[in-house]
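Worksheet: the structure to be examined is printed underneath.
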Amino acid sequence: MKMNLDPKENSDLLQERSKVDTNGNANQEEVREPPDGGFRAYAVVLASFFTNGLLFGVINSCSVVYPVLEIILKEQGATNEESRAALVGALTMGMTFLLSPLSGVLTGIVGIRLTAVLGGTIAALGLIVSSFVVDNINALYFTYSIMYGLGASFAYTPSLAILGHYFKKHLGLVNGLVTVGSSVFTAFIPSLMEYMLNNYGLQWLFRFLGLLTFGVALCGLLFKPLMNIPKPSRRDGNLKSFLTKIINIQIWKNRKYRFWALSMPVALFGYFVSYVHIKKFMNNNFPGANYNVPLQCIAITSGMGRLLFGVLADKPGINKILLQQISFYVIGILTIALPFVRSFSMVVVISLGMGIFDGAFIALIGPIAIQLCGRAYAAQAIGCMLGMSAMPLSAGPPIAAYIHRLSGSYTLPFVLAGISPIVGATLMFSVHFQRQNGETEIVTNGHAPSDVEKSIPLLVSNGNAKQQTAL
């Protein structure tokens, strides 16, 4: 009878592992315990904080650039200038998430640190090149949207995955601190961009942002993983061995991760609808009110939620996936309630609540990925999930706009948008009923599994030990 090995989520990464050297001999390699503190660990947290802040501060502030691009297109006599100008910023966000799986693959080839440095460099170059083609909207689709989105995805995923190498006990808290960066930077970068735009023009704005974004590459230099990767064998040169190195199929063999990752796109389909349309909703239903207040409330409490739920995720016995389910349920209920309120004060209350649980959802991504797949595979796990969620995230707001144009009201769009996270959260219950089915986790520094075979002695029915190769 085959003896089952007890999966222990992250803890199995902290035990001594046997690895096969070039002579086929088993050697013991001790993996370092995450220090949960120290100068280097805190430096990694600060670098991840700035990485998240700089990247999403620029992405979330694309509305500053949008009217300038619209004016340029009008002067050129272009058609559909509003949609074409808006597409520049929309593609930036979409590409960031869509290319996240590629970021995970790259970490499997060159490692977390080099991927982050490369991402920051590509994003900075995209902005600098954009400064020379501000009058060519088609060129901006490539430089500002695709190049910056590619660089942002390369840097963002490692900035979350590296935290599991340095923290275990306080992992939830540091994830919360890191993800607060986007809220903090989004609070002041738009004003800074307005100043640069009004005084120096769009060209120098892009150059200034490119210089700031180069700081992401510098932050990436600090992302040194603590886990060692065994030297790969060169004896397997076939296609299967090559693909195994590039695409980590191990995470998809993990039933818990598979159900979680497939539930997320459903939950996120209507997630951004209220964020995109709330200004127009306010204009239609509360004329004369300050239309920016709801968004400001969401931004402020989102930072609070990331910290609060980051701390909760560190508590012993806390079910992180259940916390994320609760977050989606609350977001869904509040989104459904939004079109039925008749007072501005209630809109503010709903916005405050949505912000808190928005922060909760974001802060829990890293801890859940590490819990399900281990620190070594967290980058690829996060990247695959975000990549699958990119299309639903991008499709939700325009579909809501189409329904609003047909119905003349935001009631149906917001109700449907609220149902989406509720359905996604309900699907996540399937995760709780799955067994962790990975018999082993390969200890790496964020790279893909090498082709060095990991032999596990298994007890067969006749009592003899049998060697089974773990792919």
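Name the residue, out of G164, G181, that is in contact with a Pro (Cβ under 9 Å, 6 or more places away or on another chain), small (G, A, S) and buried (at least 23 other Cβ atoms within 10 Å of the Cβ).
Unique residue meeting the criteria: G164.
For the range 73-185, which fully contained helices (runs of 4 or more DSSP H) count at least 2 residues that are within 27 Å of L323 (Cα to Cα)?
81-98, 100-110, 148-161, 163-166
Answer yes if at least one residue in the range 376-386 is surrounded by 17 or more Cβ atoms within 10 Å (Cβ to Cβ), of a type in the set (V, I, T) and modelled with pLDDT under 85, and no otherwise.
yes
Taking the condition surrounded by fewer than 23 Cβ atoms within 10 Å (Cβ to Cβ) and at pLDDT 90 or above, does I128 pass?
When the stated conditions are applied, I128 passes them.
Within the range 345-355, can you find the residues that are over 20 Å from V276 (Cβ atoms) and not β-branched (V, I, T)?
Listed by number, the residues that qualify are S345, M346.
Tell me, yes or no, whether the range 360-380 has at least one residue that is without any contact (Cβ under 8 Å) to a residue 40 or more places away in the chain and of a type in the set (G, A, S).
No, every residue in the range 360-380 fails to be without any contact (Cβ under 8 Å) to a residue 40 or more places away in the chain and of a type in the set (G, A, S).
How many residues are surrounded by fewer than 18 Cβ atoms within 10 Å (Cβ to Cβ) and either of a type in the set (K, R) or at pLDDT 85 or above (or both) if we restrict to the range 46-71?
Qualifying residue count, the range 46-71: 2.
Go through G111, G53, G104, G77 for me and flag whichever is free of Cβ contacts under 8 Å to residues at least 40 places away in the same chain and of a type in the set (G, A, S).
G77
Results for (1) assigned by TED's automatic domain parsing to the domain that holds H165; (2) at pLDDT 75 or above; (3) of a type in the set (A, V, I, L, M), shown as yes or no for each residue.
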position	(1), (2), (3)
K8	no, no, no
N80	yes, no, no
S83	yes, no, no
V110	yes, yes, yes
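If a residue must be modelled with pLDDT under 80, surrounded by fewer than 23 Cβ atoms within 10 Å (Cβ to Cβ) and assigned to a helix (DSSP H, G or I), how many such residues does the range 234-275 contain?
Adding up the residues that qualify gives 9.
Is the range 282-297 home to any residue that is at pLDDT 85 or above and either among the hydrophobic types (A, V, I, L, M, F, W, C) or farther than 30 Å from C62 by Cβ (or both)?
Among the residues of the range 282-297, at least one is at pLDDT 85 or above and either among the hydrophobic types (A, V, I, L, M, F, W, C) or farther than 30 Å from C62 by Cβ (or both), which makes the answer yes.
Using beta carbons and a limit of 9 Å, which pairs, at least six apart or on different chains, have the first residue in the range 394-415 and farther than 17 Å from L268 by Cα and the second one loosely packed, with under 14 Cβ neighbours inside 10 Å and among the basic types (K, R)?
What qualifies is H404/K280; Y410/K280.
The values are calculated or read from the model by the stated rules, or taken from the named source; none is laboratory data. The structure displayed is predicted, hence computed values, not measured ones. Quick reminder, even Gly has a Cβ in these numbers, built from the backbone with ideal geometry, and neighbours come from all protein chains shown.
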